[in-house]
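Participant: Got a structure here, written out as structure tokens. Questions coming.
Just so you know, all these numbers are worked out from the coordinates, no wet-lab data involved. These numbers were taken from a predicted model, which means no experiment stands behind them.
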Amino acid sequence: ANVFVSYSTDESLVKFVKTTNGGVSWGSPANITQSAGDYRSPSISALDATKIFVSYWDRGAGGLKFAKSIDAGLNWTNSVADSSMGDQAVCGDSLEEPNSIRVIDGTGDNDTVLISYYDCVNHDLKLAKSTNSGASWTTSVIDAGLVVGDATAIAAGINSTYEPFCILKSNGNVNCYE
């Protein structure tokens, strides 16, 4: 079975590694980010053995970033999902800015990508959404205020039909969307 892992390193890179035999052995790690930066908290989702998607924070340039591979992780295309937060370094070094990514299979290059995340600058729980495999993004505020917390997880349909999805908020409430 294929297993994909993304992680940030002490060298401030985001990397990807995979196994095709259920973890008996692992391939060589590949760079998702090509130069060192202040990258943190990657999250990963895959549609199949070749289409892999990763979200991560770029604290240096400020913003939620997105990367995709359509060749099983050999090559990566990076883009910005939300740059409205500015410099997240103001949030402190202990904050890891968690995020959660899910992808719903579309037709051709029209996969829907959903990322739930905490905007520590504006104190908002947000959703970034792309309906064209990450080529363009819209964002919306799910919950606002100083008490929304920063833990987030997202679930969404994983087959070829769009399904409602729900987000578990840090206060224990669940918001569902269609």
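Participant: Rounded to a whole number, what is D in µm²/s for the range 31-71 from Stokes-Einstein with the Kirkwood radius over alpha-carbon pairs (37 °C, 0.692 mPa s)? Let's see the in-between values first.
Facilitator: Numbers: Rh = 10.8 Å.
Using the Kirkwood radius from Cα pairs, D works out to 304 µm²/s.
Participant: Could I ask something else about it? Tell me, in nm to one decimal, what length is gained between N78 and T50 on full extension, where the rule is 0.36 nm per residue of separation less the Cα-Cα distance?
Facilitator: Numbers: separation 28, 0.36 × 28 = 10.08 nm, distance 1.63 nm.
In short, 8.5 nm is gained.
Participant: Got a sec to turn the phi values of the range 122-135 into Karplus ³J(HN,Hα) couplings, 6.51 cos²θ - 1.76 cosθ + 1.60 with θ = phi - 60°, whole Hz, x for Gly and Pro?
Facilitator: Each residue of the range 122-135 in turn: 9, 6, 10, 8, 10, 10, 9, 9, 10, 10, 9, 6, x, 5 Hz.
Participant: Let me ask something else about it. Within the set K18/K51; K18/K129; K15/K126, which residue pairs have Cα atoms separated by over 23 Å? Please report the intermediate quantities before stating the final value.
Facilitator: On the way: K18/K51 13 Å; K18/K129 26 Å; K15/K126 25 Å.
Violating the 23 Å limit, Cα to Cα: K18/K129; K15/K126.
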